[in-house]
Amino acid sequence: MLKFRKTVALMLMGAALCAPSLGSAQAGPMVTDKDLQVAVRAFSFVYGMPKGDITIEVVYDPDNASSQAEAQELGKLIGTSGGTFANRQVKAKIVPVAQMGGAGDKIAYITHGMQSKYDVMAQHATADKMLTFSTDFQCVDTQKCVMGVEADPAIKMEISRAASTASGLEFSQALKLMIKEVE
Amino acid sequence: MRKNFKSLITSVVVLTALMPHHAQAQSIDYSSLQTMFGEPVTTGATGSPQRVSEAPVDMQIVTADDIRRTGARNIPEALRGVSGVNVSQTGREDYDIGIRGYNQAYSHNILVLVNGRQVYLDDYGYTNWASIPVQLTEIKQIEIVKGPNTALFGFNAADGVINIVTYNPLYDTVATVGGAVGTGDYRDAHVVDSVKVNDVVGVRISAGATAAKDFSDNVNASEPAGVFTDPSKQAINIDTLFQITPKSQFRVEASTSQAHESDMTAFSFLTNDRYDTNSVKTDYEADTPLGLVKATAYKNWLDTYFDGDIFNPGIAANVSNNVSVLQLADTFKIGVNNTFRIQGEYRHNVADGPVIGPVGAALQENIKSVSAMWDWRINDSWSWTNSWRIDSLDLARSGPLDPNVALLMTDNDFNRTITRPSYNSGLVWKATPVDTFRLNTASGLRMASLFDFGARITPVASVGPFPVTVAGNPNDDPTSVTSYEVGWDHKVKPIDGMFKADAFMEKTDDALPTGGNLAACPAALAGVLGPGCTSPGDAVVVASTNIGSSKAVGAEFELDGKIDKNWSWGVNDTVEKIFNHQENQAYNTLEQTPVNLTNVHLGYQNGPWETDAYVYYNTPFHEPEPTGSFLLAPQAATMPSHFNLSARAGYKINDSTTVAVTGESLQQQNSLTSTGLETARQVFLSLEHSF
């Protein structure tokens, strides 16, 4: 009987601790330090991606205020002179979508709210063989961005096969076996 | 040593430097994947790399940090706190481990691996933990799969799998030297060093030695004191990984170990034993258009020497056992939602020596297996994984039979093929980002050991003028285990912790404990041994036999968390009830499962200090009382409820050096935890230096 009570008590304790978090929603900035850490680590699972310092173009839609604001926010997060993420030195370059890829950079973060510019962005990415990533998973689901990342509440990663192929990118099998891919 | 070691591999380095290499992706770097996902990554559930939270089995991971914080001096002590894992200690270095019950001397239902290489010993069908040739500081994680997983790993993964994963020599740099002294003349020393060249070759080498006096107090008054071998062990392990191309790797591991100890055998005898093991393993893994292809070949050499048990010194029970394994697997996706893995395996297993028969006798198994796994990601929330495997074993024997064994069988009786299927199926529902539910069913197999099939130990004793012989039984059937399970994992954000609950039911058929039953005896002994004595010969023969079936029903609960940055804590509880139907053996060997196992951990870390305390508690259970006779069925001895207190206090003198004091069984000087030697309180002082 004592064992039964102990068992029930453990179950209730667990259930009580669980209750408040069920249905909780994510809040806060659209891209976080943790998101960036995960993304930078993921870059090392792309064949041919150079090691060492990287420059990320932060791409925004000049016609969308929230997109611009997110770009500025990410610029601050990385810092004007760059920052260290996942043991790599990262620099940010905030660019409007029309100027994307012009400087030969190979990685671009795509801000939220760029649905109307997805096609333009994807054309640039394809032409310049860029790895585009975002915390906006709609961009990946519509085959426009290569990779979607999210660190909270649990690490989530998604890769678009079509966008990867268009940019000539190949991810390692080990990574692809562990994440969601979209055609 | 480091300098010498570097010079030894110079030629390898020069050759490797000439290989084509450039900045490249980390194709198969599970360490980086683990860092990225913020949780352990394993291939131990389905063969495909997975985050442990997504594995379709009940799996737990003991990390390197966990091992360090327990203060454990060996692998079994590091596993004591895992829910559902029952660790029994019958001597200072003699441990037996069961998962979800059925633990016993020479525990045989758990398949133990090091980086996928079997360290389970096929000769007697169990794991000798002291002979595993790795140092604790080179272990990255220990993966514990609860329940059958024969569909992935083959025979003997019947109640669970323990896969010891070491650091990857190409991606993880480990360089540490350390040692400890302790009560009971305990002392150990170990060194692990890593060398990496141009990101294309990584080498890790380790060596260690341990010695101590065995526990001196013995619960069995009939066993004279001072006859037990003091335990000692030595091991060397070399692990080398070559990045052949950006998409392919070749890994070579070689090891040697020697362990001396007193063991509690399956016959409930304490014996003095020596185990010599050697192994070589190669893996080739490539990221190809056809998928992740892996080819593995390894060979284990084992020599087991029995110095004789304390009642029957001079028994010739030595055995040599060589195992050769070839595996070829391909893991690939079809579309974006279906992952498949196909594998073929061939295993050749041969044993000879006095325990198999007179000079010239040998017993061998050839096992061919095919398996397939299909992981279907139904949608973002649901996935369903199914694995199937068929193993086909050809048993054969050659050479002369012992005349007493020949009363029961001929070599032709060994010409037998056993073919059995096994499966795993797991449905996973990620209900919310923090809630995962699992529904599993699995069927696993435990093959009779080479000893069970073809032993010959004679004479072990005598009844009047008649010698007693222990014999194997080629007609033993594999033990099958079928399990059903439901589980819930919940991340508990407010305490930065995890709640896990699992309920399970396991059914075991054709249970096969190592040991024996009376199989033949001369009619003249009918009045002594029973009415079954009708054999024409003049010998008494005890032979291995399937003994019946059993059901286990149980549940596991686990909660851990953190308080601020400094405190960590955890509690887990396993409740299990066994229902047996045993036909052929007087002593019920299936009863050795405590109804309740509870583990509690409290840890504190602040600056250079790291302190942890662990309490392990079990309710009473039965064990066989040693009788000193192969003929007398052991009587059940009741082991009382027991709690074990262990603790560690570590202090970082600087960034690279840590000193620690560890205590095991601190609650009292001697504890009755098994029918082996009483467990003594132990205190260790250790020093670990990274360089």
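Please treat every number below as a calculation from the coordinates, not as lab data. The structure displayed is predicted, hence computed values, not measured ones. As a convention, Cβ positions derive from the backbone with ideal geometry for all residues, glycine included, and neighbour counts pool all protein chains shown.
Structure summary
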read-out	value
Helical contribution to [θ] at 222 nm, DSSP H n ≥ 4, -39,500 (n - 2.57), averaged over chain B, rounded to 500	-1500 deg cm²/dmol
Distance in nm between pseudo-label sites at B:D496 and B:N654 (7 Å out along the Cβ direction from Cα)	2.9 nm
Largest-first principal axis extents of the Cα set of segment B:61-106 (Å)	29, 23, 11
Spin-label pair B:D185/B:I342, simplified geometry with 7 Å Cα→Cβ offset, distance in nm	5.9 nm
Segments A:78-91, B:390-403, B:668-681 sorted - mean Cβ within 10 Å per residue, highest first	B:668-681, B:390-403, A:78-91
Average other protein chain Cβ within 10 Å of Cβ, residues B:489-495	4
Between segment B:23-86 and segment A:41-92, the alpha-carbon center distance in angstrom	31 Å
Among B:I132, B:A539, B:L450 the positive-end extreme of the charge dipole of chain B (Cβ point charges)	B:I132
Inter-site label distance for B:A295 and B:V683 at 7 Å from Cα along Cβ, in nm	5.7 nm
Packing-based ranking, highest mean first, of B:271-278, B:72-79, B:366-373 given that Cβ atoms within 10 Å are counted	B:72-79, B:271-278, B:366-373
Peptide A:49-59, shielding by other chains (average Cβ, 10 Å cutoff)	1
Ellipsoid equivalent to chain B - semi-axes via the Cα gyration tensor, in Å	39, 29, 27
Share of alpha-carbon pairs per 10 Å distance bin for segment A:139-183, given as whole %	29, 57, 13, 0
Taking only Cα atoms of the protein assembly as shown, radius of gyration then Dmax in Å	28.9, 104
Extension gain (nm, one decimal) between B:T417 and B:I236, 0.36 nm per residue minus Cα-Cα	61.4 nm
Segment B:A524-B:K562, extension gain: residue separation times 0.36 nm, minus the distance between their alpha carbons	6.7 nm
Lysine pairs with alpha-carbon atoms under 21 Å apart, segment B:173-290, spacing 8 or more or separate chains	4
Sorted by Cβ neighbour density within 10 Å, fewest at the top, the residues B:Y617, B:Y126	B:Y617, B:Y126
Size of charge dipole - the protein assembly as shown - debye, nearest 20, with Cβ of Lys, Arg +1 and Asp, Glu -1, no other charges	1620 debye
Calculated FRET value between A:T80 and B:K507, using beta carbons and R₀ = 56 Å, to 0.05	0.30
Added length on full extension, which subtracts the Cα-Cα distance from 0.36 nm per residue, B:N517 to B:D380	43.9 nm
Cα-only Debye scattering, segment B:371-505: base-10 log of I(q)/I(0) at q = 0.15 Å⁻¹	-0.83
Per-residue average of Cβ from other chains inside 10 Å of B:553-566	1
